[in-house]
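Trainee: The structure that follows is given in the form of C-alpha cells.
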Amino acid sequence: MSTQPNHQHHLLAQWVSQYRAATKEGQCANYIPALAKKDPNQLAVAIVGTEGHEIKAGDTEELFTLQSVSKVITFILACMDRGLPYVLERVDVEPTGDTFNSIIRLESHQPGKPFNPMINAGAITVSSMLAGHSPQEKVTKILQFLEQIIGKQLSINEEVFQSEWQTANRNRALAYYLMDSGFLDCPVEAALEVYLKQCAIEVNVSDLAMIGLVIANDGYHPLLKKQLFPKQVAKLAKALMVTCGMYNASGKFAAFIGLPAKSGVSGAILAAVPGHAGLHSPFPTGCGIGIYGPAIDPIGNSVAGVQLLKQLATEWDMTIF
Ligand code: DON
C-alpha cells in the first residue's frame, strides 16, 4: 500500500462513493423532527493525524449535530469538574445491551444508578453535574472546551434543539425517574436543557476528527502541544467508547472494527485511533476519524458510516486489539 497523500485521498473518495449505496439501507432519525428532514444520501469522512495532516472525502462541508457523540465530551468535562470518584458514584461503566433511551434498568437494578454515561439516562445524569449555576453556564463550558480542541467557536442548532425540547417525552421520563432516585444534581428541566443543547451542537466531519485525535492522544492536543484533559480520564472515555459507544451494537463493532468510537442519531461517528493501532495505516502515530451519514439503522448507528469505517479500519489494520 502506498502512503502517498494523493493515493490515500483517492482511496478514501473511492470508498465513500462505494459505501454511499449503503445509505439506502437506513433512514434519517424520525423521532426528532428536524433530523428527519436531512438528506439521507449524504456520506462524509475526515481523518486527521498527529501532525495535523488531514484527508477527507464526500459531503465534508455538511454541518450536523453531535447528538450522542456529545456524551463523550460531557463525561470528560464532568470528570474534570467533579473528579472521577464523584462521577463514578453517580454513573456506572457497564454496557447494557439495551437501546440508548431505555428506562427499564433504572427500576430493575437498585439503587437505580444509570449503567453508563453513553446511554441517555447516564448522559442526563452527567450533564446535571457539570460545573455552572445555570444551564447556560454549563452549556458555555461545553462550547469553550470544544473551542479549545477544535480551534473555532461552535454553535447550537436552535431548530434541532427546539425540535427535541418539544418532543423529549422519553428523556423527560428518564430525567424525572433519575431525580426521584436522587441521581440528578440540578432540576429536571435544567438537566434536560443542558443535555439537549449539547446534542444540538453543530459540527462538520473535520471537527469530529479533531476531537477524536485528542481522545486518541490521551487528552494531549498534538498541534497545540498541550494536555487538555487528564490521561486517566481519556483512557476511561476510550474504554466506555469501546464497550458502550455504539449502543447495543458495541460488541459487534468491537469484534469486527475494533476502535473506540461513539455514534449519534444524526448519523455522526467519532473514532479515536491510538498510535499503536495506527501503526500500519497512513497515520502511524494515531489519528481521529469523523464520519457523517444521516441514514441510521434501528439501533441508531449510521449504516453507511459503519461500513465505511469497517472498510478503512480493516484495510489499514487499525484495530486496537
Ligand atoms: O436524546 C436523544 O434521543 C438524542 N438527542 C440523542 C440520542 C442519540 O444520538 C443516540 N444515538 N445513537
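Taken together, the values in this text are just the output of simple stated rules run on the coordinates, not laboratory data. Worth saying up front: this structure is predicted, and the values here are computed from it rather than measured. Methodologically, a virtual Cβ is constructed for each residue, glycine included, from the backbone with ideal geometry; neighbour enumeration extends over all protein chains shown.
Trainee: Under the rule that an exposed site lies in a DSSP loop and has at most 11 other Cβ atoms within 10 Å, name the longest stretch of the chain with no GluC sites (Glu not before Pro) of that kind, not counting the sites themselves.
Mentor: Here the longest segment lacking exposed loop sites spans 62-321.
Trainee: Same structure, new question: To make sure I understand, if each residue's beta carbon is the centre and we count other beta carbons within 10 Å, what order do TYR292, TYR31 fall in, fewest to most?
Mentor: Lowest count first: TYR31, TYR292.
Trainee: Relative contact order for the chain: what percent, with Cα pairs under 8 Å and sequence separation of 6 or more?
Mentor: Numbers: 710 pairs, mean separation 82.6, N = 321.
Relative contact order of the chain: 26 percent.
Trainee: Moving to a separate point now. Take the Cα atoms of the chain, find their three principal axes, and give me the spread along each one in whole Å, biggest first.
Mentor: 58, 40, 35
Trainee: Take every Cα pair under 8 Å in region 5-106 that's 6+ residues apart, average their separations, divide by the length, and report that relative contact order as a whole percent. Mind dumping the intermediate values first?
Mentor: Details: 64 pairs, mean separation 20.3, N = 102.
The normalised contact order for region 5-106 reaches 20 percent.
Trainee: Right, something else. Normalised by the residues of region 162-226, what does the relative contact order come to in percent, with Cα pairs under 8 Å and at least six apart?
Mentor: 22 percent
Trainee: Starting from 0.36 nm per residue, how many nanometres of slack lie between ASP81 and ASP180 once their C-alpha separation is accounted for?
Mentor: Difference between extended and current length: 33.3 nm.
Trainee: Which pairs, out of LYS138/LYS252; LYS38/LYS252; LYS37/LYS141, put more than 32 Å between their alpha-carbon atoms?
Mentor: Checking Cα-Cα distances, LYS138/LYS252 exceed 32 Å.
Trainee: Another question about this same structure. Return the FRET efficiency for the residue pair GLU137, HIS7: r is the Cβ-Cβ distance, R0 is 51 Å, and the value is rounded to the nearest 0.05.
Mentor: Here the calculated transfer efficiency is 0.60.
Trainee: Roughly how tilted is helix 70-82, in degrees to the nearest 10 and between 0 and 90, from the longest Cα axis of the chain?
Mentor: 60 degrees
Trainee: Among LEU154, LEU43, rank each residue by its count of other Cβ atoms within 10 Å, from fewest to most, as a rough exposure measure.
Mentor: Least crowded to most crowded, the residues run LEU154, LEU43.
Trainee: What list do you get for TYR86, TYR195 if you sort them by fewest beta carbons within 10 Å?
Mentor: Numbers: TYR86 13, TYR195 29.
Exposure proxy ranking, most exposed first: TYR86, TYR195.
Trainee: Which one of ILE103, ILE299, ILE47 has the biggest mean-square fluctuation once the chain is modelled by GNM with Cα springs under 10 Å?
Mentor: Result for the chain, Cα springs under 10 Å: ILE299 fluctuates most.
Trainee: Go ahead and estimate [θ] at 222 nm for the chain from helices alone: -39,500 (n - 2.57) per DSSP H run with n ≥ 4, summed, over the residue count, rounded to 500.
Mentor: Mean residue ellipticity at 222 nm (helix-derived): -14000 deg cm²/dmol.
Trainee: To the nearest 0.05, how large is the calculated FRET efficiency for LEU224 and GLN166 if R₀ is 35 Å and r is the Cβ-Cβ distance? List each step's numbers first, then the result.
Mentor: Details: r = 39 Å, r/R0 = 1.11.
Between LEU224 and GLN166 the formula returns 0.35.
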